[in-house]
1. Looking at the stretch 313-329, which of its residues are out of contact with any Asp or Glu (no Cβ under 9 Å at 6 or more places or on another chain) and under 24 Å from Ala90 (Cα atoms)?
2. Looking at this structure, is Gly175 part of a helix (DSSP H, G or I), within 30 Å of Ala16 (Cα to Cα) and either of a type outside the set (Lys, Arg) or at pLDDT below 65 (or both)?
3. If we keep just the residues of the stretch 19-47 that are in contact (Cβ under 8 Å) with a residue 60 or more places away in the chain, within 18 Å of Gly145 (Cβ to Cβ) and among the hydrophobic types (A, V, I, L, M, F, W, C), which is surrounded by the fewest Cβ atoms within 10 Å (Cβ to Cβ)?
4. In the stretch 139-177, which residues are closer than 17 Å to Pro301 by Cβ and under 18 Å from the mean Cα position of the chain (by Cα)?
5. Only one residue in Ala247, Ala271 is touching a helix residue (DSSP H, G or I) at 6+ places or on another chain (Cβ under 9 Å), crowded, with 24+ Cβ neighbours inside 10 Å and of a type in the set (A, V, I, L, M, F, W, C). Which one?
6. Taking Phe230, is it assigned to a loop (DSSP other than H, G, I, E, B) and within 20 Å of Leu71 (Cα to Cα)?
7. Only one of these is of a type outside the set (D, E, K, R), modelled with pLDDT of 70 or more and surrounded by 15 or more Cβ atoms within 10 Å (Cβ to Cβ): Ala16, Ala3, Ala104, Ala50. Name it.
8. Just the residues that are under 20 Å from Ile262 (Cβ atoms), at pLDDT 85 or above and either surrounded by 14 or more Cβ atoms within 10 Å (Cβ to Cβ) or touching a Lys or Arg at 6+ places or on another chain (Cβ under 7 Å) (or both), please, taken from the stretch 142-157.
Amino acid sequence: MLATMDGLLQILTLIAFLAGGAVLVVLKLAPPSRVVDHLIRFVLWGLLFAMGFRIGNDSGVAAQLSSIGLLAGATAVLSVAGTIVAIMIAALFIPDFRAPSKAAHGGNGKHGGAGREGAKHDKASGLDLAHLKAPAILLSIVAAGFALGVILPETALNLSGITGWILNILLFFIGMQFAQAGISLKEAFLKPATLVVPIATAAGTLVASLLLIPLFNLSAGKALALSGGFGWYSLSGVLITDMGDPALGSTAFLANMFRETIALLTIPFLARTRIPYLAVGVGGATSMDVTLPLIEQSAGPWIVPASFVSGALLSISVPFLVPFFFGLG
């Protein structure tokens with residue numbers, strides 16, 4: 001129950017920061033959209049650097065990589081692959097999933113952040129060498145933060161709190177950009193994709209994780225519990241540990257952290273395909289917070305409602321699904 005309340009409080013906090021930015025636009029107190037775009041880009045870089053530093057500076061994570069890294073990595077890869085397959089299948093039956101070219105420009109010719117360069121390339125995949133620049137920059141920033149974290153002594157600072165506040169500031173600016181794009185929330189929530197994406201993400205993640213049973217000789221319950229965090233590593237690992245399996249809890253922590261890392265690396269590419277909702281799906285529960293800025297920058301402000309709703313629904317399900325699956329044995 002406590003975990004559920006914490007999850008709801010987190011969602012409400014994120015909504016408050018998004019809404020705060022939008023309110024400033026309504027009150028005509030927000031800076032020009034071009035300034036907001038630059039602010040989002042710089043704060044996003046700061047968030048990714050802080051996340052890389054946090055991982056590299058945590059000796060406990062480094063120690064776990066050698067012992068349980070293979071199972072955690074396999075769980076993350078299968079979760080992401082299953083999500084991609086499930087959303088692609090859903091796209092066959094729901095046309096709204098495919099070719100959202102009109103929406104991708106925010107309804108007014110505006111495209112989001114890092115995806116602006118890609119607005120000129122509306123071909124089948126939308127990928128060329130120019131599109132490698134943004135992901136390469138983002139990866140370099142994360143790597144630089146990780147390297148510095150490894151080099152420096154382990155800090156006593158509350159890195160989780162620091163990254164949390166950077167994220168809140170980033171979402172505040174995203175709220176501004178979303179409002180400036182003039183997108184209708186009502187219209188966005190009427191789209192089938194807004195609810196189908198989290199359902200497909202959950203189904204694809206869980207079904208794919210069943211392959212862990214023969215590969216690692218796991219029980220069905222443990223395999224499903226490992227992937228049932230949908231990327232929310234800070235909660236899923238704690239839940240499993242508290243239920244009496246610290247080793248599996250550490251694996252879940254790493255598996256969901258790896259999923260978030262894979263999402264950060266693949267979102268800029270997936271957002272430019274014919275099914276940009278793939279970028280939302282791979283983010284899992286983090287598509288409402290950590291990966292939301294990158295999804296918005298890569299695909300455009302139009303995708304923010306679907307991304308937030310998907311992440312929120314998956315996050316709410318974690319405190320219920322992980323204990324349930326673990327209890328299956």
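1. Across the stretch 313-329, the qualifying residues are Leu313, Leu314, Ile316, Ser317, Val318, Leu321.
2. Details: part of a helix (DSSP H, G or I): yes; within 30 Å of Ala16 (Cα to Cα): yes; either of a type outside the set (Lys, Arg) or at pLDDT below 65 (or both): yes.
Spelling it out, Gly175 is indeed part of a helix (DSSP H, G or I), within 30 Å of Ala16 (Cα to Cα) and either of a type outside the set (Lys, Arg) or at pLDDT below 65 (or both).
3. Taking the candidates together, the pick is Trp45.
4. Leu170, Leu171, Phe172, Phe173, Ile174, Gly175
5. Ala271
6. yes
7. Residue meeting the stated conditions: Ala50.
8. Within the stretch 142-157, Ala144, Gly145, Gly149 qualify.
The values are calculated or read from the model by the stated rules, or taken from the named source; none is laboratory data. Values in this document were obtained by computation on a predicted structure and should not be read as measured data. Here Cβ is always computed from backbone atoms with ideal geometry, including for glycine, and neighbour counts include all displayed protein chains.
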